[in-house]
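See structure below.
The values are calculated or read from the model by the stated rules, or taken from the named source; none is laboratory data. Here the structure is a predicted model, which is why all the values come from computation and not from measurement. Heads up, the Cβs are rebuilt from the backbone with ideal geometry, glycines too, and the neighbour counts pull from every protein chain shown. Areas reflect the complete protein model, heavy atoms only, side chains present, ligands, DNA and RNA absent. Shrake-Rupley method; radii C 1.70, N 1.55, O 1.52, S 1.80 Å.
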Amino acid sequence: MSVRRPTTAETATGIGVAALVAVSAVTRIGPSGPEGTLGPAGAVLIVLLAALITARRIFPFGVLVAVNAVVAAWFVLDFPGRLITVAALIACYTVAAERGWRLGAAAWAVTAAVSTVVVHGTLGVAWFDDRAVNALSLELAAVALGSAVHYHRAYAKGAREEALRLRLRETEQRLEIARELHDVVGHTMVTISVQAGVATHVLERNPDQGAAALRTIKTISDEGLAEVQALLGMLRVDGTAADRGGLARLETLLDVTRATGVQVELVVRGERRSLPPRVDLAAFRTVQEALTNARRHARPTSIRVCLLYGDDVLEIGVRNDGAGESAPSPTGGNGITGLRSRAEALGGTLHASRTGETFEVTVTLPTRAEDH
């Protein structure tokens, strides 16, 4: 696993803290502390301190331990100035900000123990005098501030992730609506086109047949408009396209196709039962799209729709005897692509094939697809 490199800001902070400690030691400005002289060993500790502060976000607790060791060495070796303890406060804050309050509390315990022992042992003062108490309070405040920052970041990250999930959900819903509109409008317009053609040719010679075609146009137009209105309503309310039922409307769908003069046979095998809403709708749309494709491309005289209810799957087969030259290929056409996408989204499969003048679409849908 690669280790990230310190940022420019982290490097600048490390150099800044080291420079502050160095200036304080040379000028003796700042809180009183050890009164010795800054020598080469002190310079080495300052450089080491700069490196540790720079890497504090990469190895928070390890840096804290090392910084406490540097602070203890500074006091034991009697280097001047006490501002080096700022590095310990920064390390405490960083542990809590990066890892949370539990590790922050451990960081405070380590730092508090080191500072108490160092102040008592090197400055010759009583245990827990005002300097020791002040150090403990500042260290505790650093941990508390770091913990607050940590949980604020976690809350903000959670809010961003939730917003992203909502956007993805909205996008998926809109894609589903687009697919439904394609199916509804495609089916409706093809049926209207066929029936309008029938009416045009027979209206004068056979008024009854022309009137029947016009009634079919009226029926399918009303149904299509109602479905489009329902889909558009989903843009304003929370819901899914699966809320409008499925195979319960299959006979109505087949009757519309029969009204165009095509013989439609429905075969049901196995025990017919209720299905999960999304599977039910997918099954209905599969038959609808297959019928639409057949009327649009193949000009069949008969269509056979087969539903096979298995234990855990529903198999749908739609076969037509159309011989049109523009009959859809097994891999082409937006309708077949849309059906395949719908089936795969539910964990199912689609197979389309042509044998002679017969074209068949077979879709297998898991009836427990909502677990996917």
*Taking the residues in segment 260-291 that are surrounded by fewer than 21 Cβ atoms within 10 Å (Cβ to Cβ) and hydroxyl-bearing (Ser, Thr, Tyr) as candidates, determine which candidate is nearest to Asp321 (Cα to Cα).*
Thr260
*Only one of these is modelled with pLDDT under 80 and open to solvent by 60 Å² or more (accessible area, probe 1.4 Å): Arg295, Arg299. Name it.*
Arg299
*If you go through segment 44-68, how many residues are out of contact with any Gly (no Cβ under 6 Å at 6 or more places or on another chain), in contact (Cβ under 8 Å) with a residue 12 or more places away in the chain and outside any loop (DSSP other than H, G, I, E, B)?*
15
*asked:* Condition check: in contact (Cβ under 8 Å) with a residue 24 or more places away in the chain, open to solvent by less than 90 Å² (accessible area, probe 1.4 Å) and in a helix (DSSP H, G or I). Does Thr171 satisfy that?
replied: no
*Would you please name the residue that is farthest from Val63 (Cα to Cα), looking only at residues in segment 103-132 that are assigned to a helix (DSSP H, G or I) and of a type in the set (D, E, K, R)?*
Asp130
*Can you pull out the residues in segment 78-102 that are in a loop (DSSP other than H, G, I, E, B), aliphatic (A, V, I, L, M) and either out of contact with any helix residue (DSSP H, G or I) (no Cβ under 6 Å at 6 or more places or on another chain) or open to solvent by less than 20 Å² (accessible area, probe 1.4 Å) (or both)?*
Ile84
*Please work out if Thr37 is surrounded by fewer than 22 Cβ atoms within 10 Å (Cβ to Cβ) and touching a residue at least 60 places away in the same chain (Cβ under 8 Å).*
no
*asked:* Exactly one of these conditions fails for Glu325: (1) in a helix (DSSP H, G or I); (2) modelled with pLDDT under 85; (3) not β-branched (Val, Ile, Thr). Give me its number.
replied: (1)
_Subset tally (residues that are among the hydrophobic types (A, V, I, L, M, F, W, C) and assigned to a loop (DSSP other than H, G, I, E, B)) for segment 6-28_ = 0
*What's the number of the condition Arg57 fails, among (1) modelled with pLDDT of 90 or more; (2) surrounded by fewer than 16 Cβ atoms within 10 Å (Cβ to Cβ); (3) not acidic (Asp, Glu)?*
(2)
